[in-house]
Structure formats: structure tokens, C-alpha cells
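Peer 1: Can you keep this structure in mind? I'll have questions shortly.
The values are calculated or read from the model by the stated rules, or taken from the named source; none is laboratory data. Quick caveat, the model's predicted, so the values are computed rather than measured. All Cβ positions, even for glycine, are placed from backbone atoms using ideal geometry, and neighbour counts span all protein chains on display. Accessible surface is based on the protein model in full, side chains and every heavy atom, while ligands, DNA and RNA are left aside. Shrake-Rupley method; radii C 1.70, N 1.55, O 1.52, S 1.80 Å.
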Amino acid sequence: MNKYDLIAQFNDCFKQLETEIEMLSTSLRTLTLLPSAVFELPDVSKEEEHDEVDNVTVSPCYDEEARDLTLKLMANLFIYDNAPHISSKRAIRLPGVLCFSTDNQTFKSVKKQVEQINLLKKQLSNIVTKESGISKEERFDFVHNQLKGLITLNAYRTLTLLSDPDTVRFGWANKNIIKNLTRNDVLSQLEKSREANRAVPPYTSEQWAERLDKEIITLSQLPENAKLKIKRPVKVQPIARVWYSELQKQVQYACPLPLLAFYIDKESDFKPVIGELPDYDADNIQIRHRPKAKKLQLIIPRMHLYLEK
């Protein structure tokens, strides 16, 4: 696919996504809203975007206010949708659940809308990360040359639809992203960064190139079959735990956006069972099970790259 066809495909996909989100918002406003709850988290300023998160104070909102906040965030796709002081590197999260009472036909209609939105989100991501053929280092420029100020985290994250959950409860998750790599995988990545010849603040392009050269030398000195892994801590994030009694099954979801729960053909006095999200306090987290970790040697700190011993 040539460059101009790719750009046209990217822009068409995004316009469709905006239209579908607007249509879904209109649909959701017409449905019977059951008791619902979302939990606002504090804004993250640009000065705080790299800070460790030790405490989070939650502000709950309910029912119509919860719905309005959810629909606003679903459509929040650009940095200028936020206040100027808010970080654009940390996506705004709004854990919670919106609950609706519907008949089966309406549920199927809304489900189709949600599936179409998620499909477009996936297509948008694939255009940038796969079909474009551009390197990871070039993606930012490609996206923002077409849609200046787009928050890709918001544009890519999908909507989660539930059908007749028995309970929806909330909590916090601390975890690491772990990815196994070969020495050649990492060398290829570093060499592409070197060829891009970009300046990465606070470094000049010359200083950054010098740093990459040192990292390439460090990797080249390792055996080709060295076991490498990226073990990068993810900032604490809210999760939802959904219980289905008929299946005797609990499903855990990441919850950056409120879940959309539909209760089909219920009695007029039906009320869903929804938990509250507690405040987060890092000093009071209890780890139920900590598996025995293999010994790791830190090789490149900025990449969280380790050598497995």
C-alpha cells in the first residue's frame, strides 16, 4: 500500500470511529439506566506523569452523572479535550460500570455497535503498528502528522460489554509486563533507534546516538543465545472482578473505562450488585502469592532489560 492510500485509510477509519462512538452515546442515553457507579481518579499533571503512585483517592459518582462522565471520556480522543495541565502521557482512567435494563433485541443492537467500535479501534492500531511498515520510533510522527494531538491510548482501548453479571466488584492491580527476547531482537531494536537519528529529551541527537552505541556494544558482548527479558513495572491500575453464579466463574477485567453491563428482560424492581473501588494505599497492599523469581541481572536500565542467569 502506498503512503497516500495508507493516510487515507487511517483518516477514514478514525472518522468512522468518531461517528460510531457518537451513535453509541446516543443509543445509551435512550436506554433504561439501572443503578450505576464510576470512580473518578485524581488528574495527573505533566510534572507528575513519571512519579511512582503510592496513594490514589477515589471520588465515586453514580447513575446519570456516572453515565455522563463515561460518555464524555469515550469521546475524549485528543489532548485538547483535557485541561492544559493534565499529562498526555498518562491516559485518563475511569473505572466503574454502567448498568442498563433492556430486552434481548435492544441488547443485540447495542452489542453490534460496541463490536463495530472495537473493530475500528483494532483497525486503527493495525494501520499504525503493522500495515504502515514504519518503525516504532516513526509512529508518533505518522499519527500526529494526520491527527495532531490524538491520544492513541484512548483511541485504541476497547469497550467491554457484559451480559447479566451477578456481581461487579472493583480493586487494584500491581503487575509487571514481562517479555522474553533474544539478543538479536534487542540489537535490531537498538539499531533501528540509532538509524532514526532522533533527539530524546533531555539528550541531543548526538548524545542519544552515543548512548545507543554503548548499549549496542553491551548487547554484542553477550552470547547469541542469552536469555533476555523486559520486566517493566506497570503503574497500579484499577480492575473489575465480575462473577457469574450460573457458570460459577469469576472474570477479571482491566478497567480503564467503565464496563457496560446489560440486564436482559429483568423485573421492574431489579437492582444490580455493584461494589465500590477503595482508595489505593501502596503501604497496605497484601500479596496473596508471590512466585519464586529467577535470578536476573539488569543490563539496560532504561529498557528494564535483564539477563536471566
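Peer 1: Just add up the charged neighbours of Lys192: K/R +1, D/E -1, any other residue whose Cβ is under 10 Å from the Cβ of Lys192.
Peer 2: -2
Peer 1: Calculate what fraction, in whole %, of the accessible area of the stretch 1-79 sits on carbon and sulfur atoms when a 1.4 Å probe is rolled over the protein chains.
Peer 2: In the stretch 1-79, the share of accessible area belonging to carbon and sulfur is 48 percent.
Peer 1: Another question, if that's okay. Could you tell me what fraction of 2.2 N^0.38 Å the Cα radius of gyration of the stretch 167-309 comes to, as a two-decimal ratio?
Peer 2: 1.55
Peer 1: When the chain is treated as a GNM, springs tying every alpha-carbon pair under 10 Å, which of Lys294, Lys192, Lys231 comes out with the largest mean-square fluctuation?
Peer 2: In the Gaussian network model the winner is Lys294.
Peer 1: What 222 nm value per residue comes from the helices of the chain, counting each DSSP H run with n ≥ 4 as -39,500 (n - 2.57) and dividing by all residues, nearest 500 deg cm²/dmol?
Peer 2: Here the helix-only value at 222 nm equals -11500 deg cm²/dmol.
Peer 1: Turning to a different aspect of this structure: For Ser268 and Lys295, calculate 0.36 nm times their separation in residues minus their Cα-Cα distance, and state this gained length in nm to one decimal.
Peer 2: Working it through step by step, the gained length comes to 3.9 nm.
Peer 1: Could you work out how much longer the chain between Ser109 and Leu161 gets when fully extended? Use 0.36 nm per residue separation minus the Cα distance between them, nm to one decimal.
Peer 2: 17.5 nm
Peer 1: Keeping all protein chains in position, work out how much accessible area Tyr244 exposes to a 1.4 Å probe, and write it in Å² to the nearest 10.
Peer 2: The accessible area comes out at roughly 40 Å².
Peer 1: Another question, if that's okay. List the longest stretch of the chain that has no exposed loop site; here a site is one of the GluC sites (Glu not before Pro) assigned by DSSP to anything other than H, G, I, E or B, with at most 13 other Cβ within 10 Å.
Peer 2: Answer - 53-223.
Peer 1: What pairs in Lys111/Lys235; Lys249/Lys271; Lys136/Lys179; Lys175/Lys214 have C-alpha atoms more than 19 Å from each other?
Peer 2: From Lys111/Lys235; Lys249/Lys271; Lys136/Lys179; Lys175/Lys214, over 19 Å: Lys111/Lys235; Lys249/Lys271; Lys175/Lys214.
Peer 1: Sticking with this structure for a sec: Given a 1.4 Å probe, how much area per residue of the chain is accessible, in Å²?
Peer 2: Accessible area per residue, the chain: 60 Å².
Peer 1: Another question about this same structure. By the scheme Lys and Arg +1, Asp and Glu -1, what is the net charge of all other residues having a beta-carbon under 14 Å from that of Arg67?
Peer 2: Once positives and negatives cancel, what remains is -3.
Peer 1: Place a +1 charge on the Cβ of each Lys and Arg in the chain and a -1 charge on the Cβ of each Asp and Glu, then give the dipole magnitude about the Cα centre in debye, rounded to the nearest 20.
Peer 2: About 1460 debye.
Peer 1: Pull up the cross-link candidates among the aspartates and glutamates for Lys130, meaning alpha carbon to alpha carbon under 18 Å and not fewer than 8 places away within one chain.
Peer 2: Asp5, Asp12, Glu138, Asp141, Asp185
Peer 1: In terms of the ratio Rg/(2.2 N^0.38 Å) built on C-alpha atoms, what value belongs to the stretch 39-170?
Peer 2: My calculation over the Cα atoms of the stretch 39-170 gives 1.22.
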